[in-house]
Amino acid sequence: MKVLQRACQERLKMSLECIGLMMRCVSSGGTVLANAQQENQQLVQRLSALRADYNQLKRDSEELLRYADRELTWLKQTNTGLAKEFDDLQLRVWELEQQVDELLLYIAAMSGAADAHLKTAADTGESEPNLSNLVLGIVGGHEATRREVIHELTEKYGLRRCAEVPPTWEGRHQKRVVRQKLEHCDLIVIITGYMNHSLTQAVFALKESGALRGEVELLNFRGKSGVVREILRLASRAE
């Protein structure tokens with residue numbers, strides 16, 4: 001009987017030890033599980049934050065690409081426009097250079113012809129040109145140049161009537177005023193070396209409209225001698 005009782009006590013003791021061991025295992029496993037769940041939650045939160053950062057970076061990159069495309073398109077269009085403007089300006093420069101060359105050749109030829117005519121007139125004893133019946137219009141040129149030209153033409157060649165239109169900035173001279181000054185002139189010379197382009201255009205526009213009866217000529221001279229010589233040549237041709 002005592003043996004049986006002792007065996008039961010031993011068995012009960014072993015059972016209690018097993019139960020205690022199981023309780024410790026369960027307790028330890030719960031802590032590990034809780035720690036794992038906490039770490040998993042932290043990882044999920046971190047992953048969510050990384051995904052949000054990635055999505056924001058993706059949106060920013062797409063916006064930058066769209067902006068770069070717009071800027072590139074604008075630059076291409078601007079470059080095309082500038083290239084066309086450059087080509088147009090280059091063509092205009094070439095045209096002007098050609099016109100200047102032709103004008104210089106013409107002036108050289110006319111100047112040589114005038115010098116030859118004056119020399120022939122002097123050699124043959126021909127009288128100097130008489131400008132007493134000429135109504136002259138002088139447009140542009142420096143004030144001192146116009147004054148000296150008019151003085152020489154008056155003193156040496158009998159000029160009596162001369163209308164002056166000084167150079168001026170755009171808007172200062174209206175066509176009506178210019179027409180009133182020049183409409184009765186037989187010869188109108190424009191001194192291009194000291195001249196406003198808009199005034200030149202106004203004079204030629206009046207000529208084309210029939211408002212001016214006299215011939216309009218461009219003189220590429222600034223000094224008195226060249227202007228006087230060319231006016232004498234033009235006046236002789238008109239006689």
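Values for this structure:
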| quantity | calculated |
| --- | --- |
| In the range 205-238, the residues that are free of Cβ contacts under 8 Å to residues at least 40 places away in the same chain and either assigned to a helix (DSSP H, G or I) or not assigned by TED's automatic domain parsing to the domain that holds His142 (or both) | Ala205, Leu206, Lys207, Glu208, Ser209, Ser225, Arg237 |
| Hits in the range 208-223 (condition: of a type in the set (Lys, Arg) and modelled with pLDDT under 85) | Arg222 |
| Residue match in the range 197-207 (condition: out of contact with any helix residue (DSSP H, G or I) (no Cβ under 7 Å at 6 or more places or on another chain), modelled with pLDDT of 90 or more, closer than 28 Å to Ala109 by Cα and of a type in the set (S, T, N, Q)) | no |
| Selected residue (criterion: modelled with the lowest pLDDT) from residues of the range 127-161 that are loosely packed, with under 13 Cβ neighbours inside 10 Å and of a type in the set (Gly, Ala, Ser) | Ser127 |
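The values are calculated or read from the model by the stated rules, or taken from the named source; none is laboratory data. Because the structure is a prediction, the values reported are computed rather than measured. In this analysis, Cβ positions are derived from the backbone assuming ideal geometry, glycine residues included, and neighbour counts consider all displayed protein chains.
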